[in-house]
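Student: First, the structure itself, so that you have it in front of you.
The values are calculated or read from the model by the stated rules, or taken from the named source; none is laboratory data. This structure is a prediction, so every number in the text was calculated from the model and none was measured. In this analysis, Cβ positions are derived from the backbone assuming ideal geometry, glycine residues included, and neighbour counts consider all displayed protein chains. Quick note on the areas: whole protein, heavy atoms, side chains included, nothing else; ligands and nucleic acids left out. Shrake-Rupley method; radii C 1.70, N 1.55, O 1.52, S 1.80 Å.
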Amino acid sequence: MKNSILLKTAIVLLGLTALIACQEKRKPINFPTTDLAMENMIPKPVKVIPTHTAFGLDQNTVIYTSQTEKGFVEVGQFLADKIKDKTQLRIPVNNTGEAQVDRIIYINQSDSTDLATDEAYQLYITQDSLILNAKTAEGAFRGVQTIQQIIPEVSNDTLVEHPMWLIPTGKIMDSPNFEYRGSMLDVARHFFSVEDVKKYIDLLAYYKYNVLHLHLSDDQGWRIEIKSWPKLTEIGGSTEVGGESGGFYTQEEYKELVAYAAKNFITIVPEIDMPGHTNAASVSYPILNGNGKTPQLYEGTHVGFSTFDTRKDTVYAFIDDVVREISELTPGPYFHIGGDESHVTKKNDYIYFVNRVEKIVEKHGKRMIGWDEVANADVSSNSVSQFWASEKNAQTAVAKGMKVILSPAKKAYLDMQYDLESKHGLHWAGYIPVDTAYVWTPERYAQGLPLENILGIEAPLWSETISNISELEYLAFPRAIGYAELGWTLEENRDWENYKVRLANQAPFLERMEVNYYPSTLIDWKKGKNTYTEILKD
Ligand code: TNX
């Protein structure tokens with residue numbers, strides 16, 4: 001098996017080498033000494049072995065991909081598009097009719113046992129070829145992010161007569177630390193458009209995130225069309241915090257988001273928060289309400305005052321419809337039921353509710369996630385608990401054999417202010433400067449939470465204090481970049497002093513992407529160029 005793959009790769013490479021050899025010989029390029037290990041990759045890969053010369057990306061470079069395995073051609077096209085955005089070069093994909101081919105990028109499906117998981121990849125970079133090996137298109141996609149990051153932001157045309165982007169040569173072996181690497185957007189407190197969410201997905205994908213959790217309902221708004229209960233969006237979708245106009249995704253728009261995320265190998269996790277945080281639903285359909293008051297539209301920021309009536313069958317018929325409609329639109333394995341801060345639901349009612357809703361989620365083919373409180377119900381070991389505040393709840397989850405997602409508010413909440421001067425954000429869990437966000441160890445953060453129970457990490461962005469994409473970016477960046485590294489990179493390869501330099505060098509990318517990141521003074525931001533360009537200048 002392995003031999004036949006090696007043979008296949010060898011044949012393709014021989015063919016391509018012959019193709020290159022047939023071309024008119026060009027003046028050899030005197031490449032500068034490079035160091036692949038000094039590149040500003042985030043997340044840092046498992047292993048980088050530099051060979052100190054360079055692969056020149058230019059107009060005579062082509063991309064070839066495995067064509068039999070699903071998704072590889074699309075990943076090749078994705079890379080070509082990103083190269084175009086960054087360099088203006090139009091690199092052909094699987095086009096054998098090129099007049100002049102000097103170098104190749106080959107995206108290869110491989111069943112090598114060195115590729116331990118679907119997301120693992122290897123890069124072999126020499127002067128004339130850049131080979132990306134992965135078992136699946138997903139692994140190839142993660143590897144393509146690394147390729148993007150090692151293409152310098154600016155070209156060097158002093159070495160050759162045309163612009164060339166010099167990529168350091170060497171070997172990279174890489175695979176993720178945790179299988180779940182997520183961020184959450186609260187589109188309920190303030191609504192964010194499809195375009196805004198797509199931009200966030202682009203940025204997450206670049207840093208190898210694989211999950212976007214959408215908080216689709218809360219007291220202040222219901223954000224997804226449910227055909228069988230239309231007033232949810234008609235009434236419940238009309239408001240948001242601060243009296244602005246709200247909004248919601250039609251099912252078509254939600255599908256568009258799911259498809260866009262899938263192209264970026266990101267799984268959408270939809271959340272309908274209940275039995276608390278349900279005021280918008282109860283205003284739309286008062287029969288759902290269980291707090292004894294007449295529900296009214298709410299645009300403030302208090303929590304914990306609303307609850308469904310957990311003892312009414314209509315409530316479960318409603319939830320069945322909602323979970324069914326959303327699950328049908330969501331290919332990913334998870335459905336998030338919220339379950340946090342149900343302060344006006346009696347404990348027994350809460351447990352009864354979570355027990356019943358878990359069954360509904362399972363009936364519709366999904367695996368339940370809930371905020372850490374859900375572990376107090378009689379939940380199945382297949383369900384997942386999202387640790388945000390209570391270590392005790394995390395331990396209860398472990399005792400029930402559940403997996404846990406780490407989102408400790410004190411470390412991982414993107415809506416906490418950076419410091420006293422931060423324009424947006426809250427500080428109930430503390431201030432989270434860029435170093436605090438990075439310098440903690442998810443592997444050993446909570447007492448009594450063994451590594452085998454940790455599914456991964458997630459950085460939630462609650463939106464009480466932000467109402468547009470620029471404010472969203474101010475809170476998310478640069479901290480979300482650090483969480484990407486905590487999720488992907490092995491503990492032994494993480495180090496603040498080293499990370500801080502690599503982060504400083506993200507500035508040219510963030511500026512090109514027009515990301516309004518918080519320019520923390522802890523970081524010596526490199527504007528407009530990266531360190532590699534500086535090496536060339538010296
Ligand atoms: C707590 S974290 C909440 C949210 C708020 C957030 C603000 C959690 C499960 N619940 O409802 O938006 O704090 O930081």
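Student: Count the net charge of all other residues whose Cβ sits under 10 Å from the Cβ of SER381, scoring Lys and Arg as +1 and Asp and Glu as -1.
Tutor: Charge balance near SER381 sits at +2.
Student: Now a separate question. Enumerate the amide H contacts of ALA459 below 5 Å, restricted to partners 5 or more residues apart or on another chain; note that Pro and chain-start residues carry no placed amide H.
Tutor: Under 5 Å from the amide H of ALA459 lie the amide H atoms of GLY182, SER183, MET184, each far enough along the sequence or on another chain.
Student: What does the convex hull of the Cα atoms of the range 294-376 come to per residue, in Å³, rounded to a whole number? Intermediate results must be reported in sequence, preceding the final value.
Tutor: Values: hull volume 9.9 nm³, N = 83.
Roughly 119 Å³ of hull volume per residue.
Student: Over 23 Å, how big is the tail of the calculated P(r) for the range 128-229, in percent of all Cα pairs?
Tutor: 50
Student: Over the chain, what portion of Cα pair distances is larger than 37 Å, expressed as a whole percent?
Tutor: 34
Student: Counting DSSP beta bridges with both partners in the chain, what percentage is antiparallel, nearest 5?
Tutor: Close to 35 percent.
Student: Let me ask something else about it. Note down the magnitude of the dipole of the chain about its Cα centre, charges +1 on Lys and Arg C-beta and -1 on Asp and Glu C-beta and zero elsewhere, to the nearest 20 debye.
Tutor: My answer is approximately 940 debye.
Student: On to the next question. Give, in nm to one decimal, the length gained when the segment between ASN498 and LYS171 is fully stretched (0.36 nm per residue of separation minus the Cα-Cα distance).
Tutor: Separation in residues times 0.36 nm, less the Cα-Cα distance, equals 115.7 nm.
Student: Same structure, new question: Ranked by accessible surface with a 1.4 Å probe, highest first, in what order do ASP114, ASP273, ASP320 come?
Tutor: Output order, biggest surface exposure first: ASP114, ASP320, ASP273.
Student: Project the alpha carbons of the range 99-144 onto their principal axes and report the range along each, largest first, in whole Å.
Tutor: 37, 16, 15
Student: With a 1.4 Å probe and all protein chains kept in place, how much accessible area does VAL258 have, in Å² rounded to the nearest 10?
Tutor: Here the residue's solvent-accessible area equals roughly 20 Å².
Student: Can you work out the accessible area per residue across the chain, with the rest of the protein chains kept in place, probe 1.4 Å, in square angstrom?
Tutor: Here the per-residue accessible area is 39 Å².
Student: What's log10 of I(q)/I(0) for the range 184-250 at q = 0.14 Å⁻¹, Debye sum over Cα points only, no solvent?
Tutor: The computed values of log10 I(q)/I(0) come out as -0.43.
Student: Find how much the distance from GLU443 to GLN127 grows on full extension, using 0.36 nm per residue of separation minus their present alpha carbon separation; answer in nm with one decimal.
Tutor: Taking GLU443 through GLN127 to full extension adds about 109.9 nm, to one decimal.
Student: Oh, and also: Kirkwood Rh, the range 180-501, all Cα pairs: how many Å?
Tutor: Across the range 180-501, the inverse of the average 1/r is 19.5 Å.
Student: In the structure displayed, which of LYS82/LYS198; LYS47/LYS526; LYS44/LYS255; LYS199/LYS255; LYS198/LYS231 lie more than 21 Å apart, Cα to Cα? Before the final figure, lay out the partial values.
Tutor: On the way: LYS82/LYS198 15 Å; LYS47/LYS526 25 Å; LYS44/LYS255 33 Å; LYS199/LYS255 16 Å; LYS198/LYS231 27 Å.
From LYS82/LYS198; LYS47/LYS526; LYS44/LYS255; LYS199/LYS255; LYS198/LYS231, over 21 Å: LYS47/LYS526; LYS44/LYS255; LYS198/LYS231.
Student: Also, I was wondering about something else. Counting only protein heavy atoms and a 1.4 Å probe, tell me what percentage of the chain's accessible area is made up of carbon and sulfur.
Tutor: That fraction is 52 percent.
Student: What is the P(r) of the range 200-287, as percent of Cα-Cα pairs per 10 Å bin from 0?
Tutor: Per 10 Å bin, starting at 0, the Cα pair percentages come out as 18, 43, 29, 10, 0.
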